[in-house]
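S.K.: Sharing a structure here in structure tokens format.
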């Protein structure tokens, strides 16, 4: 049978990310694609190879044969299982990140939960995809980036205080492939330990207590991909957190954030949320996110805007909401930014906005910062739309507002 594996090209610059920052045993490619997604220089590509040798597995109680040295996810696909990459797609296995970070595609392997997208099939494995069996185990995801930092405005990290104000967790794994991803070294790294929600909640509370802060944040990557994990994590944290007034913030690309998911996150204890709005049209979204599937891009755009509408119409007086809107002329036009501003104004003119410049990073290391005049044009068109709680930043410039006192508009005290 023909299967896909990874191949190194002449673009390799020996950065060694694929050797030290991804979960690969280097003993025979399974075609999982981690190294292809993670390579900052596009130095890995797929190639087809023949795999004649078969191994035997038991999948959901049935004896089956599949090619050796492939992932469980690929084996399931070969066996006719349907794979989905968005909650609104039908599928027996939900695999949004496909690189082992989020754990959403996990199945039971010899009675232990394993991410199917990167776990290699082995002779005699017993695999279960049955939801009724999987939910009896605590969900898992990669959770290794806990750190304290001098916090500021959501979506405007350069506004700093002199002391640590937040303790944060940055999730690994993402369903998007943004060529200018500024957190790519975390997003596409798959090394480290898989944690249950309870283990992660204990680490978060330990860090919060150590630094004596009353704010924690969950960012990424995309933390929302594994819904059972995230909702249980928030619930567990709220139970063990000694400070009942602690605020819990979620940064999200909102691409799978359905209204019922938002309702659940609020119910379990998310108090602050900052969705990224990456364009209004699927074609723009594909350029920004690196997705090459138009139908999936359409789903992500529609879901993002439904999430924004649901938040602004139903949670503006319950949660602290800041829409983070990245901009760069290489990815999106001023006219589309104007349409975005108008759409947000029509939903809720009191919305807090943070305009952020795409920075040179990952596969766009030659990208230039937008100049100050250009960012001010974007800022002005948002003001002209009627929105007035708008900050912006670019390069080494600190976030700007119409007036320095406008920063006080971004205040969680009233939520």
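Nothing in this text is a laboratory measurement; each read-out follows from the coordinates by a stated rule. Computed from a prediction, not measured in an experiment: that's the story for all the values here. When we count neighbours, we look across all protein chains shown, and the Cβ atoms used for this are built from the backbone with ideal geometry, even at glycine.
S.K.: How big, on average over all directions, is the shadow cast by the Cα convex hull of the range 48-198, in nm²?
M.R.: 11.5
S.K.: Extending each Cα 7 Å along its Cβ direction at residue 25 and residue 11, get the distance between those two points in nm, one decimal.
M.R.: 2.9
S.K.: Using mean Cβ contacts within 10 Å as the protection proxy, how do 317-325, 220-228 order, highest first?
M.R.: The most tightly packed comes first, giving 220-228, 317-325.
S.K.: Taking a quarter of the surface of the convex hull around the Cα atoms of the chain, what do you get in nm²?
M.R.: Details: hull surface 79.8 nm².
Approximately 20.0 nm², given one-decimal rounding.
S.K.: Hey, with R₀ at 35 Å, roughly what FRET efficiency would residue 42 and residue 329 work out to, going by the Cβ-Cβ distance, to 0.05?
M.R.: Between residue 42 and residue 329 the formula returns 0.95.
S.K.: How many nm separate the modelled label positions at residue 130 and residue 206, each set 7 Å beyond the Cα in the direction of the Cβ?
M.R.: Between residue 130 and residue 206, the simple spin-label model gives 3.6 nm.
S.K.: With angles folded into 0 to 90 degrees, how steeply does helix 334-347 sit against the dominant principal axis of the chain? Use alpha carbons for both and round to 10.
M.R.: Compared with the principal axis, the helix lies near 80 degrees.
S.K.: Which three numbers, in whole Å and largest first, are the semi-axes of the equivalent ellipsoid of the range 2-134 derived from its Cα gyration tensor as √(5λ)?
M.R.: The answer is 26, 17, 13 Å, longest axis first.
S.K.: Does anyone have the angle between helix 294-314 and the longest principal axis of the chain? Alpha-carbon axes, 0 to 90°, nearest 10?
M.R.: 40
S.K.: In square nanometres and to one decimal, what's the mean projected area of the convex hull around the Cα atoms of the range 223-276?
M.R.: Mean projected area for the range 223-276: 3.4 nm², to one decimal.
S.K.: Once the Cα atoms of helix 372-384 and of the chain are each reduced to a long axis, what angle between those two axes, in degrees from 0 to 90 to the nearest 10, is obtained?
M.R.: Helix 372-384 and the main axis of the chain meet at about 80 degrees.
S.K.: In the chain, what percentage of the DSSP-assigned beta bridges are antiparallel, given to the nearest 5? Could the numbers behind the result be given before it?
M.R.: Numbers: 29 of 59 bridges.
Antiparallel bridges: around 50 percent, rounded to the nearest 5.
S.K.: For the range 160-305, place one equal point scatterer on every Cα, skip the solvent, and apply the Debye formula. What is log10 of I(q)/I(0) at q = 0.11, 0.14 Å⁻¹?
M.R.: So the normalised log intensities work out to -0.44, -0.70.
S.K.: Still on this structure: Would you mind calculating the relative contact order of the chain from Cα pairs under 8 angstrom and at least 6 residues apart, reporting the percent as a whole number?
M.R.: Taking the mean separation of contacting Cα pairs over the length of the chain, I get 12 percent.
S.K.: For every helix of n ≥ 4 consecutive DSSP H residues, a contribution of -39,500 (n - 2.57) applies; sum these over the chain, divide by its total residues, and give [θ] at 222 nm rounded to the nearest 500 deg cm²/dmol. Display every interim value, and only then the final one.
M.R.: Numbers: 12 runs with 119 residues, N = 415.
Roughly -8500 deg cm²/dmol at 222 nm, from the helical runs in the chain.
S.K.: Running Debye on the range 45-121 with equal point scatterers at the Cα sites and no solvent, what base-10 log of I(q)/I(0) appears at q = 0.15, 0.21, 0.26, 0.27 Å⁻¹?
M.R.: -0.53, -1.01, -1.36, -1.40
S.K.: Please compute the contact order of the range 2-134 in relative form: average sequence separation of alpha-carbon pairs under 8 Å and at least six residues apart, divided by the residue count, as a percent.
M.R.: Relative contact order comes out at 23 percent.
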